[in-house]
Amino acid sequence: MPTQRTRLPVADGLWRLTMEHSPVGMALLTPDGEFLSANVALCDMLGYDCETLEAMSYRDITHPDDLETDSRLAEQALAGEISSYRITKRYLRADGSVLVGDLSVALLRDEDGTPIHFISQIADLSERQAFAERLDAAEQTTHELISKGQAILGSVSVGLLLVDADGTYSAWNQRQQELLDIAFPDGHGGRAGQEGFVYDADQQAELPFEQFPCARATEGDGEEFDDLLIWIGEEPATRRALSVSARSVRDREGTFTGAVLAYHDVTDMIRASAVKDEFVSSVSHELRTPLTSALAYLELLDDSPSVTDDVRQQVGAVRRNMMRLSHLVADLLFAARVGSGSPVVDPYSVDLVRVVDEALLAAQVAAAGRGVDLEADLPQSLVVVADGLRLRQALDNLLANAITWARQDGRVRVSVEEGEREVRITVADDGEGVAEADLKEMFGRFYRGENARRRQVPGTGLGLSIVRTIVEAHGGEVSAVSAPGEGTSVRVVL
């Protein structure tokens, strides 16, 4: 028989005052679980007005999945096995939503031990539960990202190193471990600064610690760089060349916290390039001597009075092609010399006007073959301190390029001007011009512009890059301006 719902004589003014003003949900329930009274906090928490709630039992507001546990504990309390209990349970609010609460229950008995009522306190844990769920989801996402990141780091062929601001190695992948074992066979100690076998780009000296990539990347506010070349390994024959890049790591406030470094093994590429340069140099040297001899005999043949006009024309065609081949060999030899690290120029006192005159004279053969007129605006003499041979090579390339792109039966104009602190050489043609996109790249090594590819003009793409190298070795600069259909003008400033 259900217990009669009655108001308690012990619920005096102080008790009611405590209930009504408590921020925690509180309720008194009969031993059968019927509500006797509920405070405002609990009613607001569950979304019921107090009269409606006090007409219900705890079963009506308990989530079905939690009802069995709550009822079992209540029965244990009534049986005298426990006097109180505390659980986290879910409640059904008036709008159908679920509230997670921290329930504390105590059973009050009279002097004879007869159960009088349950005193319940409920703290709303919904926000904490939601936060815990979000935290759990974040941890799961973080775990997945870390797992994916480790898989990616383990699969790449580039050594990756994360170093803290104090030089401590925070993380690195398997490839980086292999490189560390080569550079520091006795162990790296987990931080920058240990002794090992690390050398500069020329392999001439051990790299001082302040020049180590990780030291530069963590010094002060952190240095960022790309393609820093170092060599690692004790034996020269088995050393590895590494191209190193670094990027800084900063927190949300922008404070420097460390750096990420990428170590790319470029040994095979460097050695292949060295073999290529050696091959080019060897072949070029072998070609130079017979070319020089052949050109000399062609010049004698061209000057011979016994040669007919038809033969002379054929000799001229041969000379033009031999001159072109000679220029190509000179360019290849120069490229090999630059790649070997040898000095590019050897300055001495030279008459620049004479160098230009000789270049124009040599270009007459190619110009005549295309019907191009060569015009010159030169002073009587202009003595400068420069490498005359290299300036001649640069002028040969500029004139050859201008003659190639001038209009058929057009003209190429060369001028030399002297300023207060500089000398300006300008070579201009009246050809189709260079696209704006190609202007920025035309002095790059092996670069072939869109018009060269479209017209299938033969060439190596070395000529203008050699011009730039020679001019910059003199402390000067070279630039070009062009407009479609109006030709191109290249200016050298020394």
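The values are calculated or read from the model by the stated rules, or taken from the named source; none is laboratory data. A quick note: this is a predicted structure, and the numbers were derived from the prediction, not measured. Using ideal geometry, Cβ is built from the backbone for each residue, glycine included, and neighbour counts are taken over all protein chains shown. These area figures cover heavy atoms from the full protein model, side chains too; ligands, DNA and RNA do not enter into them. Shrake-Rupley method; radii C 1.70, N 1.55, O 1.52, S 1.80 Å.
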Original post:
Using the Karplus equation 6.51 cos²θ - 1.76 cosθ + 1.60 (θ = phi - 60°), what ³J(HN,Hα) coupling, rounded to whole Hz, does each residue of segment 486-492 give in order, writing x for Gly and Pro?
Top reply: 10, x, 10, 10, 10, 10, 10
**OP:** Starting at the first residue of segment 33-38, write each ³J(HN,Hα) from the Karplus equation 6.51 cos²θ - 1.76 cosθ + 1.60 with θ = phi - 60°, in whole Hz, x for Gly and Pro.
**Re:** x, 7, 6, 9, 7, 9
Original post:
Any idea how far apart Val40 and Ser84 come out in nm if each label point goes 7 Å out from Cα toward Cβ?
Top reply: 2.6 nm
**OP:** Compute the distance in nm between two label points, each set 7 Å from the Cα along the Cα-to-Cβ direction, one at Glu486 and one at Glu224.
**Re:** 3.9 nm
Original post:
For segment 24-119, max minus min Cα coordinate along each principal axis, in Å, sorted largest first?
Top reply: 41, 26, 20
Subject >> Placed amide H near Thr62: partners under 5 Å, 5+ positions off or other chain >> reply: Leu92
**OP:** Output the relative contact order of segment 26-109, whole-number percent, from Cα pairs under 8 angstrom with separation of 6+ residues.
**Re:** 24 percent
Subject >> Interchain or long-range residues, amide H under 5 Å from Ala171's placed H >> reply: Leu162
Original post:
How large, in percent, is the carbon and sulfur part of the accessible surface of segment 373-443 at a probe radius of 1.4 Å?
Top reply: 42 percent
Original post:
What does the accessible area per residue of segment 82-126 come to in Å², with a 1.4 Å probe and no ligands, DNA or RNA counted?
Top reply: 51 Å²
Subject >> Backbone HN-Hα couplings from phi across segment 410-417 [Karplus 6.51/-1.76/1.60, Hz, Gly and Pro as x] >> reply: x, 8, 10, 10, 10, 9, 10, 10
Original post:
For the residue pair Ser157 and Glu133, what label-to-label distance in nm results when each label sits 7 Å from Cα along the Cα-to-beta-carbon direction?
Top reply: 4.8 nm
Original post:
Taking amide hydrogens as modeled 1.01 Å from N in the peptide plane, which residues meet the under 5 Å criterion relative to Glu477, leaving out close sequence neighbours?
Top reply: Val493
Original post:
Fully extended, how many nm does the chain gain between Leu92 and Ala435 (0.36 nm per residue separation, minus their Cα-Cα distance)?
Top reply: 116.1 nm
Subject >> Cα centroid separation - segment 367-425 against segment 46-87, whole Å >> reply: 102 Å
